[in-house]
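**Q** The structure is given below, and queries will be raised subsequently.
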Amino acid sequence: MYLYDDFDRTLVAERVSEFRDQVARRLSGELTEEEFKPLRLMNGVYLQLHAYMLRIAIPYGTLSSDQLRMLAHVARRYDRNYGHFTTRQNIQFNWIKLAELPDAMADLARAGMHGMQTSGNCVRNITTDQWAGVATDEIEDPRIWAELLRQLTTLHPEFSFLPRKFKIAVTAAAHDRAAVRVHDIGLRLHRNGAGEVGFEVIVGGGLGRTPFVGKTIKPFLPKRDLLSYVEAILRVYNQFGRRDNIYKARIKILVHELGAEAFAKEVEAEWQPIKNGALALDPAVIADIAARFRYPDYETLDDSPPALAKARATDRRFAAWLDNSVANHKVPGYAIVTLSLKPEDGPPGDATAKQMDAIADLADRYSFGEIRVGHEQNLVLPHVAQRDLPALWRALDTIGVATPNVGLVTDIISCPGLDYCSLANTRSIPVAQELTRRFRDLDLARDLGRLHINISGCINACGHHHVGHIGLLGVEKNGEEYFQVTIGGRADENAELGALLGPAVPYGEVADVVEDVVAAYLELRARPDEIFLETVKRVGVEPFKERVYATR
Amino acid sequence: MTSPLQQKLKITGPVVITANRLGDGAVVYRTLDGHWTRELDQAAVVSTAPAAGELLTAAADDIGAVGAYVAPVCVDKDGSVRPGNLRESIRHAGPTVDLPTSFGI
């Protein structure tokens, strides 16, 4: 966990006080909606179809058990007993009352939480690998850098009114779990030929109306230069980004239109004069930030304790969960546990207040009080002793978060869609629910292997459909809901945008179409362990298209 | 369902004025006597652009609700009023899916 200091606490408390005054003035009519809207957006407050929605930042997806309990409290006291974890490692409450928002924010502030950087044209909550600090394939904890960037960008006066929102993600692992190549800035920590650790800087990725995979403009950036270089990128974007057309305002359009090389030159010119200034990172500053991340006092344990092997051998359900939801930890004797928020029939990413409280208690008991949120809308207990896995599994199973479907066909990423969102064209959640019913057979799901379905209810792509192995995009046609289907997308280190399968299909047929795509894959795959993406890469879109549209 | 914010005031059938209540964001409808109601069947239903425009102008000046716009409705033979499209149906009746708390956990 990162330990906030008085500066952080004062900043959040002052923001609550300001917002309380702003809400009072809005309710009295002193502020018009036009005047109030930018103020509420700076605190993560949206107005959706049925109610106000509050989005709360979870910096780099790390939560303490006390923070999760506070989220449960907010769900219970101010909302309808549940929250929705988003694809940006945040949480949203869908039914919150404007008049009660200042009290909710004051409660959140007591746990060091707020809605800053979750809306508006600023640098948004910095995201990273949900396995940060514990993954076996990372070279160091990327959250140190995410925290430095958080401190740079929070309320940064120059970057509070950018042409459009701005998203940064950081990874330090060989396998990218943070989707850095589809962010405005993606940062990949890696080691160069001389053995030094620095950043590959990727710019101009993004999904939405005009999707792009980001371009590398700096293959290796020394650590000391991270803040100054990011500042230079933001300055170039702030100066040249389109403010005249919201659809062309993201940095990806600027990078695309200028070209990555020309954009990099602009950044270089902006960077050189500031490179050795106040933003050059002193090793002592880095060490201070790193020191504020406290790691558990791990016990000295052996991997694969006998009790675990015994439990695996005697309980088939436990064994299935172990194989699916538990990953290796960099400390011997420990494991990383993913909690699936994708039960059959459940809205993807939703957790009830009861579940949040229970997970917080389990985190205290089994994971040193720490929880992570992943962009796939699942939770993680990052420090579980392997000997505790059977007991933990039983507890997780009781509260419905032990479905062994992580990374499988029913581990669906989905936006809230038209059931909640004022921007949506179509519903997303019922489509996801129907797919969880169609693929409820876990043996089939395991046989299919890694297969990600991502669903967005509109072109804004909050459900990341472009990078779903199967992507579903809701569109409206003459007042009816339709879905465009793409296949072959991926968000990892080999990020690619999916290819369109063919004409959009009606809402009522979309689950049938996905079943057809999956059936085609089973027929086309070269061997049982050739995953869906590999098959698409090998045979192309056409055989899938033929299968889907032959009878439509 | 195109966002109402992108709609032009083009009236091709019966419509109401709808908005979100300031205090809690709840969906409300404009009545003939210039108030907001939660009940669609108490809303003023009009069928011409001038009538809708007049209601909308008054609604926009009312600080009790936010983001007033014109929404289509269907009027049945018995006079009952129903939302005119899926978006408005969801606003009227709530999400088409059960809330996660309905699973009993």
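**Q** Go through the range A:331-378 residue by residue and tally those that are within 14 Å of chain B (Cβ to nearest Cβ) and not in a helix (DSSP H, G or I).
**A** 15
**Q** Sort through B:V27, B:V15, B:V73 and tell me the only one that's within 11 Å of chain A (Cβ to nearest Cβ), surrounded by 14 or more Cβ atoms within 10 Å (Cβ to Cβ), of a type in the set (A, V, I, L, M, F, W, C) and touching a strand residue (DSSP E or B) at 6+ places or on another chain (Cβ under 9 Å).
**A** Sole residue among the options that is within 11 Å of chain A (Cβ to nearest Cβ), surrounded by 14 or more Cβ atoms within 10 Å (Cβ to Cβ), of a type in the set (A, V, I, L, M, F, W, C) and touching a strand residue (DSSP E or B) at 6+ places or on another chain (Cβ under 9 Å): B:V27.
**Q** Go through the range A:35-45 residue by residue and tally those that are more than 10 Å from chain B (Cβ to nearest Cβ), of a type in the set (D, E, K, R) and surrounded by fewer than 20 Cβ atoms within 10 Å (Cβ to Cβ).
**A** The number of residues fulfilling the criteria is 1.
**Q** If B:R21 satisfies all but one of (1) closer than 19 Å to A:S422 by Cα; (2) within 10 Å of the chain's Cα centre (by Cα), what's the number of the condition it fails?
**A** Of (1) closer than 19 Å to A:S422 by Cα; (2) within 10 Å of the chain's Cα centre (by Cα), only one is false for B:R21: (2).
**Q** Further question on the same structure: Considering only residues that are among the hydroxyl-bearing types (S, T, Y) and surrounded by fewer than 16 Cβ atoms within 10 Å (Cβ to Cβ), look in the range B:90-103 and name the one that is farthest from the other protein chains (Cβ to nearest Cβ).
**A** Going through the qualifying residues, I end up with B:S102.
**Q** Given the conditions (1) under 19 Å from A:S422 (Cβ atoms); (2) in contact (Cβ under 8 Å) with a residue 60 or more places away in the chain; (3) among the aliphatic types (A, V, I, L, M), and given that B:V66 satisfies all but one, which numbered condition is not satisfied?
**A** Failing condition for B:V66: (2).
**Q** Let me ask you something else. List the strands (runs of 3 or more DSSP E) that sit entirely inside the range A:434-527 and contain at least 2 residues that are without any contact (Cβ under 8 Å) to a residue 40 or more places away in the chain.
**A** Counting at least 2 such residues, we get A:470-477, A:480-487.
**Q** How about the range A:37-46: which of its residues are in a helix (DSSP H, G or I) and within 20 Å of the chain's Cα centre (by Cα)?
**A** A:L41
**Q** Check off (1) more than 31 Å from the chain's Cα centre (by Cα); (2) within 16 Å of A:D225 (Cα to Cα) for A:L279 and give me the number that stays unchecked.
**A** Single failed check for A:L279: (1).
**Q** Which strands (runs of 3 or more DSSP E) does the range A:47-123 wholly contain that include 1 or more residues that are within 14 Å of another protein chain (Cβ to nearest Cβ) and over 18 Å from the mean Cα position of the chain (by Cα)?
**A** A:52-56, A:82-85, A:91-96
**Q** Check the range A:456-467 and report whether any residue there is surrounded by fewer than 21 Cβ atoms within 10 Å (Cβ to Cβ) and closer than 14 Å to A:A504 by Cβ. I'd like the intermediate steps shown before the answer.
**A** Let us first name the residues in the range A:456-467 that are surrounded by fewer than 21 Cβ atoms within 10 Å (Cβ to Cβ), namely A:459-460.
Among the residues that remain, those that are also closer than 14 Å to A:A504 by Cβ are: A:459.
Yes; the residues of the range A:456-467 include at least one that is surrounded by fewer than 21 Cβ atoms within 10 Å (Cβ to Cβ) and closer than 14 Å to A:A504 by Cβ.
**Q** I need every pair where a residue in the range A:413-432 that is under 12 Å from B:R91 (Cβ atoms) and facing another protein chain (nearest Cβ under 9 Å) has its Cβ under 8 Å from the Cβ of a residue that is among the β-branched types (V, I, T) and in a loop (DSSP other than H, G, I, E, B), sequence separation at least 6 or different chains.
**A** These pairs meet every condition: A:L418/A:T426; A:D419/B:T96; A:D419/B:V97.
**Q** Name the residue that is farthest from the other protein chains (Cβ to nearest Cβ), counting only residues in the range A:303-330 that are outside any helix (DSSP H, G or I) and crowded, with 18+ Cβ neighbours inside 10 Å. Before the answer, list the steps.
**A** Within the range A:303-330, the first condition is being outside any helix (DSSP H, G or I), and the residues that meet it are A:303-305, A:315, A:326-330.
Next, from what is left, pick out any that are crowded, with 18+ Cβ neighbours inside 10 Å: A:326, A:329.
Working: A:V326: 22, A:H329: 28 Å.
Filtering the range A:303-330 for residues that are outside any helix (DSSP H, G or I) and crowded, with 18+ Cβ neighbours inside 10 Å, the one farthest from the other protein chains (Cβ to nearest Cβ) comes out as A:H329.
Since every read-out is calculated from the coordinates, none of them should be taken as a lab result. Just so it is clear, the model here is predicted, and its values are computed rather than measured. Backbone-built Cβ (ideal geometry, glycine too); neighbour counts: all protein chains shown.
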